[in-house]
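Working notes for the structure below.
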Amino acid sequence: MSGSMSGTAHAPSGPAVDAGRSRPRAAGAPRLRTAVLGAGWVSRTVWVPLLEAHPAFEVTALVDADPAVARALVPPGRDIVVGTDPDDLLGLPLDFAVVALPNHLHVPVARTLLGRGVPVFVEKPVCRTTAEARALAAAARGGAGVYAGSAARHRADVQALAALLPSLGDLRALGLDWTRASGIPQRDGWFTDRRLAGGGALLDLGWHLLDVGLDLLGRPGVTDALGAVSGDWIGDADATADWSPRGRNRGTPAHTAGDPVEDTARGFLLTDTGVAVSIQARWASHQAVDSTTLTVEGTKGVAVLRGTFGFSPHRVPRSSLTVLRRGERTVVPLPDEPVGIEYARLVDDLARRLTRPAPSTTGTDGGSLAEIGVLAHCIERLYAAAGRTGPSPATPETWSAP
């Protein structure tokens, strides 16, 4: 869910994150001076409201190539530095930064901040390739932390599924599926340009799926990969996300980049623990609603979680979790949670990790550098198996927005 340097990235206009659930600020308590880089939808709807509402954080700088978009994010009555380039943060005291930019800017901007000793949270996909993952890890050797991880791990339904796993016996297979009815991001922006985005549905939705799925399996290694990608919907204007202004104008002819990304990816991974992992990520389909399905099969049962990750307005009404054992189906009760509450929990988790005495970016915490590297490796192998190489060597790494 990367942001936009020009403020033109769009995502569902569904329910905003409930920032009010965060604890009130403790009087006199020091807060982490935080810069948010990128003023796209995710910063407007998630990061700025949640960080401002949390007692551990205070947004002190906003950076976007479009200063008007950044200024529009400044909370009323707040004196916040607004810049158009990371260099505008030079000399500004910062304790933390959120990088919510187009994919091709994630690693170069994060490396710049890490080089100045500023810990960073990098929106997904954290990187586009394993080479970028290594570059990020090298930049973090100076001591500043890198934080990441899919907010989906913090969903109550995902946690309920995780709690069921011991009762399923030895795990044999994991199915990961996120299929949108009609949700191709902005067609004439960076999302569909492989030079900039690095990939399509697999990198975008698949990063979430694999982050959650591999975490459920205890973070195994991956030994084999098969993959297939296609772009049957990418030129269909009716498949554009209808939460985007471009998508609402169905009369506008479809425009695609010269090197377009895929809209559909199907893959298969084999872990070093012998678990077969199938993955399907689709930006568009013949479905009526957007849905996310996780299926875990073990020797003593099969658990299926169905719901909708993210903020899509075209959702499965409620998440459901069922277990099948020898023909007997059991429904596991789930709480009815507000859309987006997992992001508030992610910010709580970040506060805990950033304020403890010795934060770790290489251990078992979600979003560690080791996990980032594994995710990048899995996605790169799936693309390679499908005959898709990485981004063009000429991929721009400049700050200017496309």
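Quick note: the coordinates plus some simple rules give every number you see, no bench work behind them. Treat the numbers as computed from the prediction; the structure is a model and nothing was measured. Don't worry about glycine lacking a Cβ; one is built from the backbone with ideal geometry, like all the others, and counts go over all protein chains shown.
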- Where in region 199-233 does the label zone of Ala276 land, with the point 7 angstrom along Cα→C-beta and an amide N cut-off under 13 Å? 226
- Net charge near Gly115 (other residues with Cβ under 14 Å of its Cβ; Lys, Arg +1; Asp, Glu -1) is +2
- Once the Cα gyration tensor of region 153-337 is diagonalised, what are the square roots of 5 times its eigenvalues, in whole Å and ordered largest first, as equivalent ellipsoid semi-axes? 32, 19, 12
- Points 7 angstrom from Cα along the Cβ direction at Thr84 and Leu226: gap in nanometres? 5.2
- Give, as a single signed number, the net charge of other residues whose beta carbon lies under 13 Å from the beta carbon of Asp336, with Lys and Arg counted +1 and Asp and Glu -1. +1
- Please give the FRET efficiency for Asp170 paired with His377, using the beta carbon to beta carbon distance and R0 = 25 Å, rounded to the nearest 0.05. 0.50
- Message: Please compute the length gained on full extension between Thr299 and Leu92, using 0.36 nm multiplied by the number of residues separating them and subtracting their Cα-Cα distance.
- Response: 68.9 nm
- Task: Once you have the Cα-Cα distance between Arg116 and Arg71, take 0.36 nm times their residue separation minus that, and quote the gain in nm to one decimal.
- Result: 13.8 nm
- Task: Just flag the trypsin sites (Lys or Arg not before Pro) in region 307-357 sitting in loop per DSSP whose Cβ has no more than 16 other Cβ atoms within 10 Å.
- Result: Arg318, Arg326
- Query: Gain in length, Ala156 to Arg134, computed as 0.36 nm per residue apart minus the alpha-carbon separation, to one decimal in nm?
  - Reply: 4.7 nm
- For Leu94, distant residues with modelled amide H under 5 Å away: none
- Message: Quick query: amide H of Glu262 versus all other amide H atoms, modeled in the peptide plane; which residues come in under 5 Å with a sequence gap of 5 or more or a different chain?
- Response: Gly200, Ala201
